[in-house]
Amino acid sequence: MTDNTEKISDMQLCRQMIDERLHEQLVEAGTNYATLVESMRYSLLAGGKRTRAVICIKFCEAVGGRAEDALDAACAVEMLHTYTLIHDDLPIMDGDELRRGIPSNHIEYGEFTATLAGDALQAAAFETLTNSPISSEAVVEMVRTLAQAAGPHGICGGQYLDLSGEGWQLTIDELLELYSMKTASLIAAAAKMGVIAGYGTKSQIEIAHQYATSIGLAFQIRDDVLDCTATEEELGKPIGSDEENDKTTFVSLLGAHACEKMIKKETEKAIKAIEGKFANTEFLTWLAHTLANRTK
C-alpha cells in the first residue's frame, strides 16, 4: 500500500467515524417541529469533505490524544460549518440554489425554515461540544474557541465584510482580513480544539492556529480559482457566482497564476509551522498538500 493510499484510507476512516456520530444527532419525530429537524439533518448529512472535522481529530491525535476524545468537537465544527453554508445560500446572502450537488436548504424547505435550521444548528454545535468526554476545563476552552470563531471577530464579521464589499474593489489587505475571518477562523478553531481535546500545550495550540490559518487562506484562494475554472458538477454548487455577485477575489485582483503561487506559499508556511512540534505530522502535511491541489 502506498503512503498516499494509506493517508486516503485514514481520511475515509475519519470521515466514517464523523458521519456515524452525526447520524446519531438531531433525531426527532412526532413533534410539531419535526420538519425543522429534518431540514437541519438534510444539510448536515448531505456529505461534504468533513475537512474541518478531520483536522480537529488529527490534531488531537498529533498531541497524543484519542480520536474519540475529539469526536464531539469535530461534529460541533461540522454543525457550525453547515449552519454557515445554509445561511450563505439564502437569497439575502449569496442566493445559491445548489449545495453539495443537491438543492440548497431554502429551495427544499423554504427560506424561513432554512434560516431557523441554520440558527438551530449553531446552537446544537455548542450543545454537542459540551458532551465531549474530557475535562470540564478543556470543554470550556473549546466552547470559548468555537464561539470566538463564530462571532463578529470570525465568521459573522467575515460574512459582513464579504457582503458589504459587493460592488466595491477591495484591496489585498482587505481581502486577507475577510478570508481570515470568514474561512480560516473556523479551520483554525477546529485545529485548536483538537489540541485542547488531546491536552496539548499552549504552544501547540498556537502552532495549530498558524498551520490552520495558512491552509485556510490557501483553501479560500483555491476556491476562488475553482469558481473560475471548475464545472458545476465538479463543485456541486454554482460556478461564477463571485463574478455574478461582483465580489473581489484574489483571481480578480492578481490573476490565476499569482494565486497558484500564493497557494503554494501558504501551504509551505503551514507545513513549516508544525515541523518538529508534534509527535507525528505526516497526515497533516499530506492534507495541506492535498487541499492545495484539490480540483473540487
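The values are calculated or read from the model by the stated rules, or taken from the named source; none is laboratory data. What you are looking at is a predicted structure, and each value in this text was computed from that prediction instead of being measured. No Cβ is skipped: glycine too gets one built from the backbone with ideal geometry, and neighbour counts run over all protein chains shown. Note: accessible area is taken over every heavy atom of the protein model, side chains too, but ligands, DNA and RNA are not part of it. Shrake-Rupley method; radii C 1.70, N 1.55, O 1.52, S 1.80 Å.
One table, with the values for the structure above:
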item	result
From the options CYS14, CYS60, residue that is in contact (Cβ under 8 Å) with a residue 60 or more places away in the chain and under 28 Å from LYS202 (Cβ atoms)	CYS60
Checking THR35 against (1) more than 11 Å from the chain's Cα centre (by Cα); (2) more than 24 Å from ALA114 (Cα to Cα), the condition it does not meet	(2)
Qualifying residue in the stretch 32-44 (condition: among the basic types (Lys, Arg), surrounded by fewer than 23 Cβ atoms within 10 Å (Cβ to Cβ) and modelled with pLDDT of 95 or more)	yes
Of all residues in the stretch 67-94 being in contact (Cβ under 8 Å) with a residue 40 or more places away in the chain and outside any helix (DSSP H, G or I), the one that is most open to solvent (accessible area, probe 1.4 Å)	MET93
Residue pairs meeting the criteria (Cβ under 9 Å; at least 6 apart or on separate chains; first without any contact (Cβ under 8 Å) to a residue 24 or more places away in the chain, in the stretch 106-130; second in a helix (DSSP H, G or I) and of a type in the set (S, T, N, Q))	HIS106/THR113; HIS106/THR115; GLY110/SER39
Verdict on LEU186 being part of a helix (DSSP H, G or I), open to solvent by 50 Å² or more (accessible area, probe 1.4 Å), more than 20 Å from CYS259 (Cα to Cα) and of a type outside the set (S, T, N, Q)	no
Test for ALA125: is it in contact with a helix residue (DSSP H, G or I) (Cβ under 7 Å, 6 or more places away or on another chain), of a type in the set (A, V, I, L, M, F, W, C) and either over 23 Å from LYS202 (Cα atoms) or open to solvent by 70 Å² or more (accessible area, probe 1.4 Å) (or both)	yes
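Yes or no, residue by residue, for (1) at pLDDT 95 or above; (2) part of a loop (DSSP other than H, G, I, E, B):
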residue: PRO133; (1), (2): yes, yes
residue: ARG144; (1), (2): yes, no
residue: GLN148; (1), (2): yes, no
residue: LEU163; (1), (2): no, no
residue: ALA190; (1), (2): yes, no
